[in-house]
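This is the structure I have questions about; it appears just below.
The values are calculated or read from the model by the stated rules, or taken from the named source; none is laboratory data. Given the structure is predicted, the values throughout are model-derived calculations rather than measurements. In this analysis, Cβ positions are derived from the backbone assuming ideal geometry, glycine residues included, and neighbour counts consider all displayed protein chains.
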Amino acid sequence: MARSGIHYEEVKSVAETLLGRGLHPTIQRVREQLGTGSNTTISEHLKHWQRDMAETPKAILPPNIPDAVMTALDSFWKIAVQYAEAAFEEQRAVAVQAVAEAEQSRDAALVAQRQAQAEANELRQHLDTAQTTAHDLANRLMMEQERRTVAETAIDAAEQRVQAATETVVHIRAETEARVEQLEAALQQTRADSEQQLAQAQHRFNDERQRGEANEARLMQLLDRDRTDHAAERQVFANERDDWKNQAKIWQARLDAQQRENTDAHTALATAEERQRGLDGEIRQLRVAFQAVENKHLDLLLAAEVLRGELKAALDEQQRLRQRLEHQRQVAAERQIPPNAD
């Protein structure tokens, strides 16, 4: 059914004008003359005009024409109408096929454009995801670098403390060993002096005993004559013997004190060695932690390189899809037929 864009009289006037010029009134020619109208509307009006022309050929002839001429004209007119209808149908089929092909090309171009747009959107999302991942990885890498810097600073400080502690331990050990050597030398000297003094005391004691015995014999002989002097001399001898016993006790106390001092020195040395072993363990732990941080840093660097490669590939793919989309747009623009107006 014809649409109301153009009227039948307009199509009829243009068709008769074309026919008067000796041109077959096709859809395209009528549309060019009118400057508007859809192919379907023009086709319906042209069919109507052809039916009218086929039904009323005699009405436009004078009444005084002979029947033979009228019959010949009628036959000629029918043949002309049949020829016009056949040509019209052929042109109409060509026009319909051209419209169908144009619509198919337009639909294919629209599908390709939508597909390219979808691919571009998907690639844009992938690119945004890759950029977000790269940004997060860069932040993580920066944090790991900061943690590595802090760890390296802590390790340097710990190594400095360990170095200072080691130097202190070495210094304490040297001082302790020197002190121990001094104490051992003093102890040996004290022992030697004590033994010498003890030998001297024993010698003096023996001398004194011998002298006492001699004195006792002499005193026994002189007992009656000098008892008071002999008693006083025995008292001196007893006092002197007590003094030597007291001196021996003092030397023994000094020897015990020296042994206790040696024991304390050995204890301090053992404590320093234990502290050094603890510091060595701390150094090993710090080295293990530093190695773990270094390995993690290397893993992050490798991951960053992989992401950079993926990002570059995504950018290349985006550039390729953009070029492909631009090419498809150009092809679609070349193939697309402007829409038919009423």
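Within the range 315-338, does at least one residue satisfy the condition of being free of Cβ contacts under 8 Å to residues at least 40 places away in the same chain and not in a helix (DSSP H, G or I)?
Yes, there is a match, as at least one residue in the range 315-338 is free of Cβ contacts under 8 Å to residues at least 40 places away in the same chain and not in a helix (DSSP H, G or I).
β-branched (Val, Ile, Thr), surrounded by 15 or more Cβ atoms within 10 Å (Cβ to Cβ) and under 21 Å from Leu279 (Cβ atoms) - does that describe any residue in the range 140-154?
The answer is no; no qualifying residue exists.
Okay, residues lined up against (1) polar (S, T, N, Q); (2) modelled with pLDDT under 85:
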site: Phe290; (1), (2): no, yes
site: Val293; (1), (2): no, yes
site: Leu301; (1), (2): no, yes
site: Glu305; (1), (2): no, yes
site: Arg308; (1), (2): no, yes
site: Leu311; (1), (2): no, yes
site: Gln318; (1), (2): yes, yes
site: Gln323; (1), (2): yes, no
site: Arg329; (1), (2): no, yes
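Among the candidates Glu195, Glu216, which residue alone is at pLDDT below 70, more than 30 Å from Thr271 (Cβ to Cβ) and out of contact with any helix residue (DSSP H, G or I) (no Cβ under 7 Å at 6 or more places or on another chain)?
On inspection, the qualifying residue turns out to be Glu216.
Can I ask one more? Tell me yes or no: at least one residue of the range 247-254 is at pLDDT 70 or above, more than 26 Å from Ala185 (Cβ to Cβ), in a helix (DSSP H, G or I) and in contact with a helix residue (DSSP H, G or I) (Cβ under 9 Å, 6 or more places away or on another chain).
no
In the range 241-272, what residues are surrounded by 14 or more Cβ atoms within 10 Å (Cβ to Cβ) and charged (D, E, K, R)?
Arg241, Arg254, Glu261
Consider Gln145 carefully, then state whether it is within 30 Å of His327 (Cβ to Cβ) and modelled with pLDDT of 80 or more.
Criteria not met by Gln145.
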